[in-house]
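The values are calculated or read from the model by the stated rules, or taken from the named source; none is laboratory data. Nothing here was measured: the structure is a model prediction, and the numbers come from that model. Neighbour counts run over all protein chains shown; Cβ positions are idealised from the backbone, glycine included.
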Amino acid sequence: MRSWLWLLVVLALGGLFYWGMQRNPKELPSVLAKERRPAPDFTLPVLSPYQEEWGKTFKLSDHLGGKPIVLNFWASWCPPCYEEAPVLEATWRRYRDQVLFVGINTQDKEGDALRFIEQFGLTFPQVFDPRGRVGVDYGMYGVPETFVIDREGRVVVRHAGVIDQATLERYLKEVLP
């Protein structure tokens, strides 16, 4: 009798796991974006290549109220992040006078992050969050994820997974005049 109970438990857990793996992470809800809530503030260290221009720390609230902001959570160990890095850089170069892009390197090693930045020639500011606490505040499910914050400081978009050029530009049109 006990073996049947264990079999039922294993089958139930397996079914739950299978169901979860079939879900599209892009369809997972974001309360921040759905309700257009204020972007959670954070202060993080700026990675060394950006310190001359951006200082040693980056505080989000110091940059709210002006340009829209694109926050991109990434890590050097994330294969899809390699795919979207050139898209983010190209879009930043095109819109840098109108939108602030900020990369948030999360749950990574600083040396690996610096090699990634150098490999892609990223010129938009990059901050370092080795414990991933800011991602928790944003309800991040995994990397890469991109959040768009409007001029009023509200989160209006959460995009899970690799972002392509057309999608990113569509999001920017929502927050630009």
#### Entry: Residue check, Ile117 assigned to a helix (DSSP H, G or I) and of a type in the set (A, V, I, L, M)
yes
Checking Asp62, Asp97 in turn, the sole residue that is in a loop (DSSP other than H, G, I, E, B) and of a type in the set (D, E, K, R) turns out to be Asp97
Q | So Gln126, is it under 18 Å from Phe42 (Cα atoms), surrounded by 19 or more Cβ atoms within 10 Å (Cβ to Cβ) and in contact (Cβ under 8 Å) with a residue 24 or more places away in the chain | A | yes
Apart from one, (1) of a type in the set (A, V, I, L, M, F, W, C); (2) modelled with pLDDT of 95 or more; (3) buried (at least 16 other Cβ atoms within 10 Å of the Cβ) all hold for Ala90; the odd one out is (3)
Out of (1) exposed (fewer than 14 other Cβ atoms within 10 Å of the Cβ); (2) modelled with pLDDT under 95, the one Ser30 does not meet is (1)
Counting only residues in region 100-114 that are assigned to a strand (DSSP E or B) and touching a Lys or Arg at 6+ places or on another chain (Cβ under 9 Å), the one surrounded by the most Cβ atoms within 10 Å (Cβ to Cβ) is identified as Thr106
Filter region 124-156 for residues that are touching a helix residue (DSSP H, G or I) at 6+ places or on another chain (Cβ under 7 Å) and of a type in the set (Ser, Thr, Tyr); the one that is farthest from Tyr50 (Cα to Cα) is Tyr141
Only unsatisfied item for Val70, checking (1) in contact (Cβ under 8 Å) with a residue 60 or more places away in the chain; (2) farther than 24 Å from Ile149 by Cα; (3) crowded, with 21+ Cβ neighbours inside 10 Å, is (2)
Cβ pairs under 9 Å, 6+ apart or interchain, first in region 34-52 and at pLDDT below 95, second of a type outside the set (Phe, Trp, Tyr) and exposed (fewer than 15 other Cβ atoms within 10 Å of the Cβ), ordered by first then second residue, are Arg36/Glu152; Arg37/Val31; Pro38/Glu152
Among Phe116, Phe101, Phe58, the single one that is touching a Leu at 6+ places or on another chain (Cβ under 6 Å) and either among the charged types (D, E, K, R) or at pLDDT 95 or above (or both) is Phe58
Take Tyr82 and tell me if it is assigned to a helix (DSSP H, G or I), of a type in the set (Phe, Trp, Tyr), modelled with pLDDT of 90 or more and crowded, with 16+ Cβ neighbours inside 10 Å. no
- Query: If we scan region 159-166, do we find a residue that is farther than 25 Å from Glu53 by Cα, assigned to a strand (DSSP E or B) and not polar (S, T, N, Q)?
  - Reply: yes
